[in-house]
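The values are calculated or read from the model by the stated rules, or taken from the named source; none is laboratory data. These numbers come from a predicted model, not from an experiment. Cβ atoms come from the backbone with ideal geometry, glycine included; neighbour counts cover every protein chain shown. Just so you know, the surface numbers come from the protein's heavy atoms only, side chains and all, with ligands and any DNA or RNA stripped out. Shrake-Rupley method; radii C 1.70, N 1.55, O 1.52, S 1.80 Å.
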Amino acid sequence: MRTAYGVETVRAAEHELMARLPEGALMQRAVAGLAVACGQLMGRVYGTRVVLLVGSGDNGGDALYAGARLARRGAGVTAVLLAPERTHAGGLAALRAAGGTAVSESGVAEGAIRRADLVVDGIVGIGGRGGLRGDAVALVDVVREVGVAVVAVDLPSGVDADSGEVSGAAVRADLTVTFGTHKPGLLIDPAREYAGTVRLVDIGLGEVLPERAALEALQHADVARLLPVPGVESDKYRRGVVGIAAGSARYPGAAVLAVAGALRGGAGAVRYVGPAADAVIARFPEVLVSDQGPHRAGRVQAWVVGPGAGEDAATVAEVLEADVPVLIDADGLRLADRDAVRGRTAPTLMTPHAGEAAALLGVGRGEVEGGRLSAVRELAARYGATVLLKGSTTLIADSAGGSERGAVRVNSTGTGWLATAGSGDVLSGLCGSLLAAGLSAMDAGSAGAYLHGLAGRLAAEGAPVGAQDVAEGVRRAWQDVRDGRRGARGL
């Protein structure tokens, strides 16, 4: 499992570790890894031209010390000092001793950037807030215009380390070399898109970081441990029965796709309740159908309600009364009474996309997309539920995570090809099936999102796919995850 920690936690851990080490040892661990990563990105060091964009403080110091290492290996290194009076003195001395040069004039700096093979972003550290300002914006514009490769030190300057928000001008890196641990902003859009490839340099923080992280990202082995496996004594009821209350005369396909996801999710049986029974049976004859409403559908271990439901608020309310885990999606999110959700004693998993989340929060969609972490936490806290916020990065937070006492999970397997009609219906059925199999709402949402994203990747293989292709890909994704547990592959 990959973990990420917030700025205050990282700084406290760094201070604790520095107290145990010789002065400067922690920084030298970081810059050694940074210099190696820069050399590997360029393919060679000798004869290359490297420009360091250097702000004040330790982030600029990291860039300067790494530049000194590259200069000693034959690179021509120029440091552009954005705050000359507050430049890291030790780093600047090391660079000059290694043969590097420092400039502060904008015209000279621009010329150096236009000739560079690599730019190292050491403008702002992880404590920076808001977008870039002043001369930094102009220099970053030149970097973007030239198209030179960029390595960010710890975090691209201008993005928020704790939230992943980007509120102004920011560096777009090809590679971000981060130290000690991932920061949440490196895993959450929109900042994730600015980070490029992320490389973690181990500087020993694992010795002092707390067990509970701010953000978790499951990997193959983690998901494999969660997936239900039937035993020799299993029957369809022991494996779990999931109820699907979905679809309408206008949207029968939503019911079919939710059922498709549920059948691939490991439950022993699927019960369907709703007006799309004929369409469901025609596609999946193994499904148990009922026209008597959720209360009379028969025993289930979990419910999925909402996909394609139209205006059927009565069915949503009836499902929320059930004393089993419930997943609410699509129209169900709009129709569900918040107090009814908060009053439930069994687990609830809500799966909005950004537009639905914005409507529930009473804000614009752009506000949710620009602040995904705060949005998922706020929704989880308001509804007292686990919330899976779909999108370019899918986040899962339970009510504890919503109040920042518990971890939030981020899914690493998503792909833009999943932005297709009906894909979310497949996800809801898949997660509902995992709920019925006995997983917690947090685990069902996390594992379901992981499998769903991987299924989209495997089904697409670089070409467009539809929701049915994604549903069919879940079985292959499941196998891939199980094989990955044995070391075949991982993310």
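A few points about this structure:
- Cβ-Cβ contacts under 9 Å between residues 6 or more apart (or on different chains), taken from a first residue in region 210-228 that is under 11 Å from Ser446 (Cα atoms) and at pLDDT 95 or above to a second residue that is among the polar types (S, T, N, Q) and open to solvent by 30 Å² or more (accessible area, probe 1.4 Å), are listed as Glu216/Thr3; Ala217/Thr3.
- The condition (being part of a helix (DSSP H, G or I) and open to solvent by 30 Å² or more (accessible area, probe 1.4 Å)) is satisfied by just one residue among Arg225, Arg239, Arg271, Arg250: Arg225.
- Annotation: Gly265 fulfils all but one of (1) in a loop (DSSP other than H, G, I, E, B); (2) over 14 Å from Leu327 (Cβ atoms); the unmet one is (2).
- Failed item, numbered, when Leu82 is tested on (1) touching a Leu at 6+ places or on another chain (Cβ under 6 Å); (2) open to solvent by 20 Å² or more (accessible area, probe 1.4 Å); (3) touching a residue at least 40 places away in the same chain (Cβ under 8 Å): (1)
- Some residue of region 146-161 being touching a strand residue (DSSP E or B) at 6+ places or on another chain (Cβ under 7 Å) and more than 24 Å from Thr393 (Cα to Cα): yes
- Candidate set: region 284-298, residues that are among the aliphatic types (A, V, I, L, M) and not in a loop (DSSP other than H, G, I, E, B); chosen: the one surrounded by the fewest Cβ atoms within 10 Å (Cβ to Cβ): Leu288
- Residue within region 121-139 that is open to solvent by 40 Å² or more (accessible area, probe 1.4 Å) and among the small types (Gly, Ala, Ser) present: yes
- Only one of Arg199, Arg172 that is open to solvent by 70 Å² or more (accessible area, probe 1.4 Å), touching a Phe, Trp or Tyr at 6+ places or on another chain (Cβ under 6 Å), modelled with pLDDT of 95 or more and over 30 Å from Ser433 (Cα atoms): Arg172
- Qualifying positions in region 142-172 - outside any loop (DSSP other than H, G, I, E, B) and free of Cβ contacts under 8 Å to residues at least 24 places away in the same chain: Glu145
- Filter pass, Ala279 being open to solvent by less than 30 Å² (accessible area, probe 1.4 Å), farther than 30 Å from Gly131 by Cβ, in a helix (DSSP H, G or I) and at pLDDT 95 or above: no
- Checking Ala258, Ala213 one by one, the residue that is small (Gly, Ala, Ser), assigned to a helix (DSSP H, G or I) and buried (at least 19 other Cβ atoms within 10 Å of the Cβ) is Ala258 and no other.
- Pairing residues of region 435-451 that are closer than 18 Å to Ala385 by Cβ with residues that are part of a loop (DSSP other than H, G, I, E, B) and of a type in the set (D, E, K, R), at Cβ distances under 6 Å and at least 6 apart in sequence or on separate chains, gives Met442/Asp398.
- Options Gly57, Gly90, Gly99, Gly76: the member that is small (Gly, Ala, Ser), at positive phi, open to solvent by 20 Å² or more (accessible area, probe 1.4 Å) and modelled with pLDDT of 95 or more: Gly99
- Here is the figure for region 420-470: residues that are outside any helix (DSSP H, G or I) and of a type in the set (D, E, K, R) total 1.
- Against the numbered list (1) over 29 Å from Ala302 (Cα atoms); (2) among the β-branched types (Val, Ile, Thr); (3) open to solvent by 30 Å² or more (accessible area, probe 1.4 Å), Val208 comes up short only at (3).
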